[in-house]
Amino acid sequence: MGKGAGCMPSKKRLPDVQDRPNPDRDDANIVQDQLTATNSTTPLQNNNIQTSKKLKIFIIFYSMYGHVELLARRIKKGVDSIDGVEGVLYRVRETLPVEILEQMRVPQKGDDVPVISVDELVLADGLLFGFPTRFGSMAAQMKTFFDSTFPLWKDQRLAGVPAGFFVSTGTQGGGQETTAWTAITQLAHHGMLYVPIGYTFGAGMFKMDSLRGGSPYGAGVFSGDGSREPSETELALAEHQGKYMAATVKRFAQPRES
């Protein structure tokens, strides 16, 4: 639950958005229009035999009460729906003592999502980071993880890798945008390529008839006091971000050799 109050450039470019967002068109049509040219994964040559490896997008998150994790799982669904791309879920390590977590009534995490190590980041073709806000910027657990990436920064191992964000905040003015854009500095120092979703979600970005998290910076959810569940629109936006990121990675990335 959010508490908010209120290098080395790639020679390949991001995909062009062919159409301006149009509230009269639904999300599926907009995604399809943008993804038409990205239907196949470029095969790798290995001993004169063509083998196809899936591009991997790591979806790395910290989720205290489960809101960010719900977005992460829906993002993975979007990534996996794009042929030749696979979403992989990871958590970052918890930094709070068990006694404090118990006092805060934080639910225990399942063991189906592994904790990521810094060295594993270089295996990804794209990265999506999710975290709740703390006064308009990322939670300390995610910041601690970024702080530990110094060895990769030193050698610019992540330069040119597409990356984006998704967030959770407690209130409407709690940081749906600032939590993402204050995190862009992490990508800049690594030379990573920031991939926002803009208004490519179409009509869903313009509706004002219900409470909805998310912004042009990425998917988002309002958690309130922790009891509010993500709406279907918020989850649909998360799935769209997964599709959009997967399509973007396919436009200028090639699968890394294992």
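How big is the charge dipole of region 54-117 about its Cα centre, in debye rounded to the nearest 20, if each Lys and Arg gets +1 on its Cβ and each Asp and Glu gets -1 on its Cβ?
Around 200 debye, computed over region 54-117.
How fast does region 125-258 diffuse by Stokes-Einstein, in µm²/s, taking the Kirkwood radius from C-alpha pairs at 37 °C and 0.692 mPa s?
212 µm²/s
Within region 205-234, which residues have the backbone N less than 19 Å from the label spot 7 Å out from Ala188 along Cα→beta-carbon, could you tell me?
Only 216-218 fall inside the zone, counting backbone N under 19 Å.
Under a plain spin-label model, where a point goes 7 Å from the Cα along Cα-to-Cβ, how far apart in nm are Val122 and Arg93?
That separation, rounded to one decimal, is 1.9 nm.
Taking a probe of 1.4 Å, how large is the accessible area per residue of region 157-233, in Å²?
39 Å²
For a distance above 21 Å, tell me the whole-number percent of Cα pairs in region 106-174 that qualify.
35 percent
When ligands, DNA and RNA are left out and all protein chains stay put, how many square angstrom of accessible area per residue does region 50-155 have with a 1.4 Å probe?
Accessible surface, normalised per residue, equals 48 Å².
Roughly speaking, to the nearest percent, how much of region 175-258's 1.4 Å accessible area is carbon and sulfur?
53 percent
Picking from Leu123, Leu193, Ser231, whose Cα lies most toward the positive end of the charge dipole for region 90-232 (charges on Cβ: Lys, Arg +1; Asp, Glu -1)?
So the residue we want is Leu193.
Placing +1 at every Lys and Arg Cβ and -1 at every Asp and Glu Cβ, with all other atoms neutral, what dipole size does region 99-258 have around its Cα centre, in debye to the nearest 20?
For region 99-258, the charge dipole is close to 480 debye.
Give the peptides 148-161, 68-81, 180-193 in descending order of average Cβ contacts within 10 Å, highest first.
68-81, 180-193, 148-161
Quick one: of Lys53/Lys77; Lys109/Lys250; Lys53/Lys143; Lys77/Lys109; Lys56/Lys207, which pairs are farther than 28 Å apart, Cα to Cα?
Checking Cα-Cα distances, Lys109/Lys250; Lys53/Lys143; Lys56/Lys207 exceed 28 Å.
The values are calculated or read from the model by the stated rules, or taken from the named source; none is laboratory data. Quick caveat: nothing in here was measured; it's all calculated off a predicted structure. As a convention, Cβ positions derive from the backbone with ideal geometry for all residues, glycine included, and neighbour counts pool all protein chains shown. The area values use the complete protein model at the heavy-atom level, side chains included, leaving out ligands, DNA and RNA. Shrake-Rupley method; radii C 1.70, N 1.55, O 1.52, S 1.80 Å.
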